[in-house]
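Written below as structure tokens is the structure these notes are about.
Since every read-out is calculated from the coordinates, none of them should be taken as a lab result. Note that the structure is predicted; figures quoted are calculated from it, not measured. Methodologically, a virtual Cβ is constructed for each residue, glycine included, from the backbone with ideal geometry; neighbour enumeration extends over all protein chains shown.
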């Protein structure tokens, strides 16, 4: 049985994740964090979790450090860029594994987290997007980049999403850069008119962020070669269930690791 604590338990993903943990035969909810609802029971805010008596009795805490006192094997964090690093390091100090679903960490942050995790002998899985279809997009795109010379990324989300590019688009650009840089007929800097119209240069890939009503989150990699084109597109809907499935797979995977992993393809076999 894997004991799990969810930080951001009353957020968009958290509200769907907590009942899923409660219903899983191999997982046990032992902690929940949501500052605005501290002191209330999980059963009050998340009625679907009341089916599992142990989950229903869990008291929501204001901080990760308070919640971890109950005993935790894996912390899942869906909070905010302001809290994520301190939450992760607090869990590592208690020798808990961590699944990071929150964006906002830098390369330096990840290096520090990796060192701390290795020192404590625990694993950390960090994902820009735990939806299985988004993980597949990333995998398929890296395969295509080996054979097609040029590509650009479209990053789209709701009009209310404040950050750009999304974590999904950033991760895609990073994975593509690990294959090679795309071929460009005319360097962006030599564009006539407005070079900014060509998008953001992110690790040699041009990324175009679109924020419009009616969209939730998604990404598309557009590949081009002489007389042929290929597009690989992922779109998320209005529900959190796709992220829940991938997150639960990451919870099961992270207990087998030591140190930081951002390779979500390894998570897929735990999602079968």
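Structure summary
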{"item": "0 to 90° range, to nearest 10: angle between helix 241-254 axis and the chain longest Cα axis", "result": "70"}
{"item": "Per-peptide average of other Cβ atoms within 10 Å, ordering 127-140, 187-200, 222-235, 88-101 highest first", "result": "88-101, 127-140, 222-235, 187-200"}
{"item": "Cα shape, segment 132-236, gyration tensor, a/c 1.5 rule", "result": "oblate"}
{"item": "Normalised per residue, the volume of the convex hull around the Cα set of the chain (Å³)", "result": "134"}
{"item": "Ordering of 76-86, 153-163 by burial proxy (mean other Cβ atoms within 10 Å per residue, highest first)", "result": "76-86, 153-163"}
{"item": "Value of relative contact order over the chain, rounded to a whole percent, pairs C-alpha under 8 Å and six or more apart", "result": "19"}
{"item": "The chain - share of DSSP beta bridges that are antiparallel (%, nearest 5)", "result": "45"}
{"item": "Antiparallel DSSP beta bridges within segment 132-236, percent to nearest 5", "result": "75"}
{"item": "Tail fraction, Cα-Cα pairs, segment 1-160, threshold 22 Å, whole percent", "result": "46"}
